Amino acid sequence: MLKRQLKYNLIKFLRLHGAPSKLALGFAVGATVNFYPTFGFGVALAGVLAALFFSNIPAGLLGDIIFKPLFPLFFYLNLITGHFVWTNRIHGFDHLWSQVINPGIDTVAEIGRLFFTGALINSLILGTLLYVTVFVVVKRYRRRALQWLVARNRRQ
């Protein structure tokens with residue numbers, strides 16, 4: 001089911017009209033929204049940010065939808081990255097995780113600082129990697145990849 005949904009979204013994305021740079025930017029912006037807690041407004045926020053960056057809005061929405069299931073992983077990655085940036089070490093993370101699960105009033109600000117520092121760094125890294133990857137794929141392989149996916153989809 002997940003494989004089929006991913007293939008469907010990929011075909012949908014490759015059929016979008018627009019310059020490769022605008023598609024790549026929209027997709028990257030939409031995907032990076034998932035590093036932040038949006039409390040149910042992630043898709044709308046992805047569309048607004050895609051419009052603010054003058055990129056492809058449907059690509060931004062699709063980027064958000066595809067990466068939405070990875071939010072728990074992104075949440076954990078944000079804390080690890082923030083912890084590493086502020087303490088310059090990866091080990092010793094266990095006490096922080098227990099504080100996230102049962103935070104005291106004095107640790108909420110510390111957790112927030114670690115989380116948003118990690119979110120900023122991770123969204124910049126993932127956004128850059130996604131932009132470059134999607135740009136190259138759309139620019140060079142869009143037609144071939146779409147033909148291959150559609151032909152493969154018909155066989156199944």
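Bear in mind that the values in this text are calculations on the coordinates, not laboratory data. Here the structure is a predicted model, which is why all the values come from computation and not from measurement. Methodologically, a virtual Cβ is constructed for each residue, glycine included, from the backbone with ideal geometry; neighbour enumeration extends over all protein chains shown.
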> Contour minus end-to-end for Phe54 and Leu2, with contour as 0.36 nm per residue of separation and end-to-end as the Cα-Cα distance?
Replying inline: 15.7 nm
> Where does each of Ile65, Ile125, Ile105 land when they are ranked from fewest to most other beta-carbon atoms within 10 angstrom?
Replying inline: Ile105, Ile125, Ile65
> In deg cm²/dmol, rounded to 500, what helix-only [θ] at 222 nm does the chain give when every DSSP H run of at least 4 residues adds -39500 (n - 2.57) and the total is split over its residues?
Replying inline: -26000 deg cm²/dmol
> Given H placed 1.01 Å from N in the peptide plane, which residues other than close sequence neighbours of Phe53 have an amide H under 5 Å from its amide H?
Replying inline: none
>> Could you give me D for the chain, from Stokes-Einstein at 25 °C and 0.890 mPa s, where the hydrodynamic radius is the Kirkwood radius over C-alpha pairs? Units µm² s⁻¹, please.
In response: 145 µm²/s
